[in-house]
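A.B. asks: Just passing along the structure, written as structure tokens.
The values are calculated or read from the model by the stated rules, or taken from the named source; none is laboratory data. Because the structure is a prediction, the values reported are computed rather than measured. A quick note on method: Cβ atoms are made from the backbone with ideal geometry, for glycine too, and the neighbour counts reach across all protein chains shown. Calculation scope for accessible area: heavy atoms of the full protein, side chains included, ligands and nucleic acids excluded. Shrake-Rupley method; radii C 1.70, N 1.55, O 1.52, S 1.80 Å.
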Amino acid sequence: MIMTPRLSILSALLPLACSTIAPVVRNDAVPPPAVAAHQHLISPQFAKIVKQPELNCADLLRMLDDAGIRRGVVLSVGYSFSDERKKIPDPDRATSDENDWTSQQVVNSGGRLVGFCSVNPLRESALAEIGRCLQLPGMIGLKLHFGNSGVSLRNASNAQRMEEVFALANAHRAPIVVHLRSRTGTPYGREDAQLFLDLLLPRTPDVVVQVAHLAGTAGFPDYAEEAMDVFATAIERHDPRTRNLYFDQTAVADTASTPADGEHIARMIRRVGTNRVFFGSDLPIGNPPPAEAWRIFRAKVPLTAEELRAIALNVPPYLEGRSSEVAEAPRLVVTRSWSF
């Protein structure tokens, strides 16, 4: 869905605190997701890059309300400004500004959103920015995008740097959401996932690591299935390195997904366990909003009602114990029938 300027016009009519009353979760066999664990906003400066209208916290909360979802995890796109292909002037400053803007949006959400900082981990400034950003209000974790940042674990210096970044996140007790699909080196797949398992997960024994898009980008192509097979095999063997390993199903199913695609996705989710899979819908540029994303996932992936319910009710461990103001609010019944 392409966002229209109407969203930004409507958001301007809202008060600064953009929290809304959370919709009721109906007592259906398959309820709406409790959390949208992979979402993005569009800041004024990011809007210039993607050539789309601003998408702020008020806009996102309206989408979550429409889907019956109470809470969301907002992943800063600060990493995008340090993608050397974009040739952004002063990328380090732009990254910091984006993290600051994301923090303010999270604060404005009335407790319904939490934020994840982001950086290009290969930049010299990355470690300092991670430490700074994690002190900002509402920012609880770290988003890494190997594709945008040009990270390849097959590169020894890249791998060493990523070990430092993961160790730093663990020291801050900051969960990580990682877009693992890389754009450099030989074709991505099984070897990259094995390096991730061997080198990086041992550096984060105390925090959740959430691999985005079931280890792919969009859809569930062969390379994503190969990468996920590495993780599923380790989980099946009770490898201790996978104790805090989770996944999101963001953008793995779309309107073009075939029955065979759905079967592959369902099989992999069953292998890793529905308890390890979170819902997300990404940024609504080429991706549907949360309500439609959940409908497509349910329609295209042949999981049982019990399995879908388990995924819907999953709450990431990094949100457990974090109270939301909306949890105390009166509830109303809602009636409704690019990868980043």
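A.B. asks: Out of curiosity, is T255 assigned to a loop (DSSP other than H, G, I, E, B), touching a Gly at 6+ places or on another chain (Cβ under 7 Å) and either under 29 Å from A174 (Cα atoms) or not small (G, A, S) (or both)?
C.D. replies: Considered against the rule, which asks whether it is assigned to a loop (DSSP other than H, G, I, E, B), touching a Gly at 6+ places or on another chain (Cβ under 7 Å) and either under 29 Å from A174 (Cα atoms) or not small (G, A, S) (or both), T255 comes out as no.
A.B. asks: What number of residues in the stretch 152-177 are surrounded by 20 or more Cβ atoms within 10 Å (Cβ to Cβ) and closer than 26 Å to L136 by Cα?
C.D. replies: Qualifying residue count for the region: 8.
A.B. asks: Shifting gears a bit: Restricting attention to the stretch 47-61, and to residues there that are charged (D, E, K, R) and at negative phi, which single residue is surrounded by the most Cβ atoms within 10 Å (Cβ to Cβ)?
C.D. replies: D59
A.B. asks: Which count do you get for residues in the stretch 205-220 that are open to solvent by less than 40 Å² (accessible area, probe 1.4 Å) and out of contact with any helix residue (DSSP H, G or I) (no Cβ under 8 Å at 6 or more places or on another chain)?
C.D. replies: The total comes to 2.
A.B. asks: Cβ-Cβ distance below 7 Å, separation of 6 or more or different chains: which pairs start in the stretch 57-76 with a residue that is farther than 20 Å from R322 by Cα and small (G, A, S) and end on one that is in a loop (DSSP other than H, G, I, E, B) and open to solvent by 10 Å² or more (accessible area, probe 1.4 Å)?
C.D. replies: Sorted first by the residue in the stretch 57-76, then by its partner, the pairs are A58/L14; A67/P32.
A.B. asks: Moving to a separate point now. Need the failing condition index for M139 against (1) modelled with pLDDT of 95 or more; (2) more than 23 Å from H213 (Cβ to Cβ), just the number.
C.D. replies: The failed condition is (2).
A.B. asks: Scan the stretch 32-45 and tell me whether some residue there is at pLDDT 90 or above and open to solvent by 60 Å² or more (accessible area, probe 1.4 Å).
C.D. replies: So far as the stretch 32-45 goes, yes, one or more of its residues are at pLDDT 90 or above and open to solvent by 60 Å² or more (accessible area, probe 1.4 Å).
A.B. asks: To continue, here is another question. I need the full set of residues from the stretch 71-103 which are out of contact with any strand residue (DSSP E or B) (no Cβ under 7 Å at 6 or more places or on another chain) and charged (D, E, K, R), in order please.
C.D. replies: D83, E84, R85, K86, K87, D90, D92, R93, D97, E98, D100
A.B. asks: Continuing with the same structure: Name the single residue that is modelled with the lowest pLDDT among those in the stretch 206-230 being closer than 10 Å to L180 by Cβ and in contact with a Ser or Thr (Cβ under 7 Å, 6 or more places away or on another chain).
C.D. replies: T217
A.B. asks: Working only within the stretch 111-134, note down all residues that are assigned to a loop (DSSP other than H, G, I, E, B) and either open to solvent by less than 10 Å² (accessible area, probe 1.4 Å) or closer than 23 Å to A159 by Cα (or both).
C.D. replies: R112, V119, N120, P121, L122, R123, E124, S125, L134
A.B. asks: Further question on the same structure: Report, by residue number, each residue of the stretch 269-289 that is open to solvent by 10 Å² or more (accessible area, probe 1.4 Å) and either in a helix (DSSP H, G or I) or farther than 23 Å from V207 by Cα (or both).
C.D. replies: Correct list: R270, R271, T274, N275, R276, G286, N287, P288, P289.
A.B. asks: For the stretch 62-81, how many residues meet the condition of being open to solvent by 10 Å² or more (accessible area, probe 1.4 Å) and among the polar types (S, T, N, Q)?
C.D. replies: 0
A.B. asks: What is the residue count in the stretch 252-308 for residues that are over 21 Å from D229 (Cβ atoms) and among the small types (G, A, S)?
C.D. replies: Of the residues in that region, 8 qualify.
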